[in-house]
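Okay, structure first, notes after.
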Amino acid sequence: MENKRFIVGLGEALWDVLPEGKKLGGAPANFAYHAGQFGLDTLAISALGEDKLAEETIEALKEHKLNYLMPRVPYPTGTVQVQLDEQGIPTYDIKENVAWDNIPFTPEIEEVAKNCRAVCFGSLAQRNVVSRENIQRFLDATPDDCVKIFDINLRQNFYTKEIIQESMRRCNILKINDEELVLIGRMFGYPGLDIENKCWLILGKYDLDMLVLTCGTNGSYVFTPGQMSIQETPKVEVADTVGAGDSFTGSFCAAILNGKPVAEAHKLAVQVSAFVCTQNGAMPELPEQFK
């Protein structure tokens, strides 16, 4: 794996068990898949069990031409029961004490960290101390110029104030949605501020290069020191929204790494995530117009 600067999705590898069947999911694989569609060397890092589902995971990753580094551990491969409401909005029941709760920090994973160009990680994969400590070790081993995106991804009760603070200290880009921003505002003790002021406050407090705020159908914002980009959300016929946020993050990251200005990267990310909402599943192939 030498001589490459990888773009890494780091964290949970799991199957979304949807009403129509199961699909490979998890933010890290989704992120790596979408960033990889823009010609970057991407890699999904997690852990798999020693079970049939692990074999199916590897088959699915190969089918999507997605490079992976997922050591086997003596825990079941992760699954999530996904229920969709009438608008296609998912709710999740995420199984605990699974393989991705126990991601090891192997020499091979450490080598990738040292050659990492960008990494996206979330709070969910840090719910267990093993993965949390090893995700932090990975982040601490990356080069100074590594883009570290904390896609906060609050799920159920699998987060604490301490985990969020530690992650914000280690990232240089924060991605958050409007509902998560309300929760963070309460948790951190500034509920009275409006949305924009909360974002400016977090950007400055944690010395971030960017803060990306998505507000569903109400548009999205990218805050950078002294500037703000705003994009409306395109109106599309939604098949399901699973993975749409990860496609936004992956395409935004790819565009920034490929030298696009923030506003242009933001516009592309909005268009890609809108397209993904019109497709079933988290990893559709993007049309040529986006690449």
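The values are calculated or read from the model by the stated rules, or taken from the named source; none is laboratory data. Here the structure is a predicted model, which is why all the values come from computation and not from measurement. Please note: Cβ atoms are built from the backbone with ideal geometry, for glycine as well, and neighbour counts cover all protein chains shown. For accessibility, only protein heavy atoms count, side chains too; no ligands or nucleic acids. Shrake-Rupley method; radii C 1.70, N 1.55, O 1.52, S 1.80 Å.
Observations, loosely collected:
- Candidate set from the stretch 41-68 (those that are outside any helix (DSSP H, G or I), open to solvent by less than 20 Å² (accessible area, probe 1.4 Å) and not β-branched (V, I, T)); member that is farthest from C277 (Cα to Cα): G49
Here's the yes/no breakdown for (1) open to solvent by 10 Å² or more (accessible area, probe 1.4 Å); (2) more than 16 Å from the chain's Cα centre (by Cα):
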{"residue": "M70", "(1), (2)": "yes, yes"}
{"residue": "P76", "(1), (2)": "yes, yes"}
{"residue": "D85", "(1), (2)": "yes, yes"}
{"residue": "D93", "(1), (2)": "yes, yes"}
{"residue": "W100", "(1), (2)": "no, no"}
{"residue": "Q136", "(1), (2)": "yes, no"}
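- Of the candidates I202, I173, the single residue that is buried (at least 19 other Cβ atoms within 10 Å of the Cβ) and closer than 18 Å to C120 by Cα is I173.
- Test set (1) open to solvent by less than 50 Å² (accessible area, probe 1.4 Å); (2) under 20 Å from T91 (Cα atoms) - R155 fails condition number: (1)
- Just one of (1) open to solvent by 30 Å² or more (accessible area, probe 1.4 Å); (2) at pLDDT 95 or above; (3) under 17 Å from the mean Cα position of the chain (by Cα) fails for Q271. It is (3).
- Residue that is least open to solvent (accessible area, probe 1.4 Å) [pool: residues in the stretch 183-197 that are assigned to a helix (DSSP H, G or I) and of a type in the set (A, V, I, L, M)]: I184
- Unmet requirement for A239, which otherwise passes all of (1) within 22 Å of K161 (Cα to Cα); (2) more than 19 Å from the chain's Cα centre (by Cα); (3) modelled with pLDDT under 95: (1)
- Taking the numbered list (1) part of a loop (DSSP other than H, G, I, E, B); (2) basic (K, R); (3) at pLDDT 95 or above in turn, R155 passes all entries but (3).
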